[in-house]
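> To start, I am sharing the structure in question, which I have written as structure tokens.
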Amino acid sequence: MEEISVPRTHTDQKFDVPSLDSNKKPFEMTDNEIKKEISVPRTHTGQKFDVPSLDSNKKLFEMTDDEIKKEISVPRTHTDQKFDVASLFAIVTNILNPATIAADNVFRGAKQPHMEIKGERAIATSFIPPLCTLKELSYEMACKDPGVETAYKTTKSILEKLKDYSWHAKAVLTLAAFALDYGDFCRHLDQFHSSDQLTKSLRILKGIPALLTQPSIDHKHESAIVELNKLIKDTLNVIDCIFTLEERSVKYNPKDLPALSIATNNISIYVFWAIITVVVCTNRMCCLIKDESKTHELSRFSERINDINGKLKLQIQLCNEEIEKIEAYWKLIRFLKEPLDIAEVLKALIFASDNRQRVKVFPNELILEAVKTKNVLLFFTDLDIDKISEYVSIRTPIYENIPSKYKDKYEVVWIPIVDQWTNDMQKKFELLRSQMSWFVVQNFSSISGIKYVREQWHFKNEPIIVVLNPQGTVEHHNAAPMIKIWGPRAFPFTHWKDEELRKSEDWFGSLMLEFSPDIPTWIDEGKHIFFYGGKDSTWVKEFTKEATGFANDAVKGARISLFNVGKDSGSLGHFWKLIDNFFLYKSQMVTELDPMTKEIQKLLSYKNEKGWVVLCKGARLVFSGYGTTVLTVLKNFEEWRQCLNDSVSDFEVCLEEHYNEQLFKDGFPCRVIDIPKSDGLIPDYRKCPDCSKIMETSFRFKCCDHNQHGFNLKFCHNHHGTKAQLKGSYIDHMNPQVPTESVYPQDSARAQSYVTTDSFVSQRPHFQ
């Protein structure tokens, strides 16, 4: 049969095989006809894959990670190959762990008991191994010439075959193909003295007798087997780490785990080194069986695998630490959804086990005992003295106005959130603590607690006050704006009270109470009150004179008082701060134009005018307008005096009617509303208080250094309407090329970001 012996090459060669003669069946062919049919000319060399080789100027171990990534990048098809990777890896682990122990037992002479693997992964009962793929990979790695170049080509070929699998699946499949052979190899080593005929025959085919019957076995093969065994274990550990990271990436969002994100970015590199190491181990095993002296040098691969193993274990450790934080946070969320009582809430939130520093409580540590039957206001801040002092100053009047029976039912707990305590921070803290008569918590550093306060209660370094009842249920997620604006009227600081105050028609009068002791009296008497101010002192003086004469006139049905908001230093700035705060407070809940929001927006549009006027009847705002137009209307009072004499209309109705007529004659100016940026409280859109169309929005920057630099902001009020011009240009909301820095250097002037909303009511179409 010498004529029909056909040696195979290392790879399956495909060629055009002639089909059977249609008139001749195989069992009808003669021996000579068969010899003729199967005669194939032999080549002198085996067939080789056309796989790109290593750059001749760059050795494998000198390549950077980026260079390797570029080399192993293989375009994937649209369909990912999916199978039960977890079950296959569990099988591989169950093979290689006892296999390596068996090899050590044979060559080291020390019997080690089989150890159960901790956390052993389960194998699905329905699992069907991808045998064809494993056999193909096994064949790909078998009986290759030793050398880094060959190992690299083989690895590239394997990656090409597995291009439609995930990276961790590539590594597991390659290791599984190796385990098929190495598991058999080690099993026959362990059963060398078995007399079973089947086992003995298979042992001969595996080359085990040739390996174990060498006279110099202890000296020649022991170190090689031990070295190979160790590298296999280390590679298994690397792939185990890769598999663990894959499990983490499925269960958790990498955005929440920075360490996981870093690790997964380099998974392709780790898989490449794992696969090429498996290829090298396969070659070493073949060389041992064939007793060949020429073999791979494993030391450099071992060094690289150990290096990767160390990196992966560190990354997994960091991942686990981050996961502990996430799990603690989720546990806190679940707990606070159904709290037991207020003491348990504080214990879980403030005194959590993940505090990085020991929490201190002033004036004493008995806070949990003191609050367990009370409503608690958790006051979260940074250490900005100005912001905190504002709340400290209103604490006394609020407490004094709380009904006596409720005074001992409330406790305030100040909890500053500080990223890192420094000596300067400590001094600020001590100064602020000395001003407070409530409980103070220092070193609140619970990772889960701070995350909860920031994400669930939306703390963004601006003061917030979270109100909890004795059962630990949240009554208000942030009562700070309500308390700052309404003071004692905010009691009992609940959501329903907040909603009631937001709808209150006497909001303006309530805000003005603090400006003069006369205002409460005027409001109680139901008087008409002119509140006025502006940037032009000449206009203010002229209006004061005209309005005083007007108030002294016998106006039917009107008793009029005047209050100049800007007569005292700083009072005008405080007034606009109150209005800004009230607008932001109201905007958190309302985007549609209810009457109150409409009046607030109109009022805000007067901020940069020469003058403005607000008319209240008692505490209720009944009219507001541009100061120059109101002044003209008052000067022309004789023209509309008859309105009061001939109709049943109230004074404010006649005033507004003639104001609108005068405004129409003068030309209606565009509305300009400046809203200081305030931690995401700016609404996405605003409707014009005049035409109810959506106002155009643009961003601008304003310099606060009045002595050196500043933008020349010009607002043109002609009948066409214009945008706010910024040094001769504007920023359109439809194409917002918004600068990220101010025009002037930061060391020259401090820039402040504003949102500007413009409404053009004539000849300018608006989208609805």
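> Please pick out the residue among L644, L663 that is part of a helix (DSSP H, G or I), in contact with a helix residue (DSSP H, G or I) (Cβ under 9 Å, 6 or more places away or on another chain), more than 30 Å from G487 (Cα to Cα) and touching a residue at least 60 places away in the same chain (Cβ under 8 Å).
L644
> Which residue, of G534, G449, is surrounded by 19 or more Cβ atoms within 10 Å (Cβ to Cβ) and in the same structural domain as R356 (by TED's automatic domain parsing)?
G449
> Residue check, F335 against (1) in contact (Cβ under 8 Å) with a residue 24 or more places away in the chain; (2) surrounded by 15 or more Cβ atoms within 10 Å (Cβ to Cβ), all met but one. Which one?
(1)
> Quick test for you: out of D84, D65, D80, pick the one residue that is among the acidic types (D, E), under 41 Å from the mean Cα position of the chain (by Cα) and at pLDDT 80 or above.
Testing whether each residue is among the acidic types (D, E), under 41 Å from the mean Cα position of the chain (by Cα) and at pLDDT 80 or above leaves just D84.
> Being assigned to a loop (DSSP other than H, G, I, E, B) and among the polar types (S, T, N, Q) is the filter here, so list the residues in the stretch 495-530 that pass it.
Passing the criteria: S504, S516.
> Could you tell me whether any residue of the stretch 366-381 is hydrophobic (A, V, I, L, M, F, W, C), loosely packed, with under 12 Cβ neighbours inside 10 Å, farther than 20 Å from P481 by Cβ and free of Cβ contacts under 8 Å to residues at least 60 places away in the same chain?
Checked the stretch 366-381: at least one residue is hydrophobic (A, V, I, L, M, F, W, C), loosely packed, with under 12 Cβ neighbours inside 10 Å, farther than 20 Å from P481 by Cβ and free of Cβ contacts under 8 Å to residues at least 60 places away in the same chain.
> Given the structure, is Y585 in contact with a Pro (Cβ under 6 Å, 6 or more places away or on another chain) and either of a type outside the set (S, T, N, Q) or not in a helix (DSSP H, G or I) (or both)?
So Y585 fits the description; yes.
> Of the conditions (1) hydroxyl-bearing (S, T, Y); (2) out of contact with any Leu (no Cβ under 8 Å at 6 or more places or on another chain); (3) in the same structural domain as V172 (by TED's automatic domain parsing), T264 fails just one. Which one is it?
The failed condition is (2).
> Check S268 against each of (1) buried (at least 24 other Cβ atoms within 10 Å of the Cβ); (2) in contact (Cβ under 8 Å) with a residue 60 or more places away in the chain and name the one condition it does not meet.
(1)
> Related question: Please verify whether I239 is within 24 Å of A169 (Cβ to Cβ) and over 21 Å from the mean Cα position of the chain (by Cα), treating the condition exactly as stated.
In short, yes.
> Go over the candidates W273, W330 one by one and state the one that is assigned to a helix (DSSP H, G or I), without any contact (Cβ under 8 Å) to a residue 24 or more places away in the chain and either at positive phi or hydrophobic (A, V, I, L, M, F, W, C) (or both).
On inspection, the qualifying residue turns out to be W330.
> Just one of (1) assigned by TED's automatic domain parsing to the domain that holds L159; (2) modelled with pLDDT under 65; (3) surrounded by fewer than 14 Cβ atoms within 10 Å (Cβ to Cβ) trips up R121, so point out which.
(3)
> If you take the residues of the stretch 595-633 that are part of a helix (DSSP H, G or I) and among the polar types (S, T, N, Q), which of them is surrounded by the most Cβ atoms within 10 Å (Cβ to Cβ)?
Q601
> To continue, here is another question. In a helix (DSSP H, G or I), more than 24 Å from W612 (Cβ to Cβ), under 36 Å from the mean Cα position of the chain (by Cα) and touching a residue at least 40 places away in the same chain (Cβ under 8 Å): which single residue out of V467, V453 fits that description?
After applying the criteria, what remains is V453.
> Can you give me the number of residues within the stretch 378-413 that are within 27 Å of E344 (Cβ to Cβ) and in contact with a Leu (Cβ under 8 Å, 6 or more places away or on another chain)?
5
> With the condition kept exactly as written, say whether any residue in the stretch 430-444 is over 16 Å from K360 (Cα atoms) and surrounded by 15 or more Cβ atoms within 10 Å (Cβ to Cβ).
no
> Could you grab me the full set of residues in the stretch 256-283 that are more than 30 Å from A224 (Cα to Cα) and hydroxyl-bearing (S, T, Y)?
The answer is S261, T264.
> In the stretch 475-497, how many are modelled with pLDDT of 90 or more and surrounded by fewer than 17 Cβ atoms within 10 Å (Cβ to Cβ)?
Adding up the residues that qualify gives 3.
> Looking at S434, S389, which one is modelled with pLDDT under 85, out of contact with any Lys or Arg (no Cβ under 8 Å at 6 or more places or on another chain) and over 17 Å from N469 (Cα atoms)?
S389
> Which numbered condition in (1) modelled with pLDDT of 90 or more; (2) surrounded by fewer than 18 Cβ atoms within 10 Å (Cβ to Cβ) is the only one that E500 fails?
(1)
The values are calculated or read from the model by the stated rules, or taken from the named source; none is laboratory data. Note that this is a predicted model, so its numbers are computed, not measured. Glycine also receives a Cβ, built like all others from the backbone with ideal geometry; neighbour counts cover every protein chain displayed.
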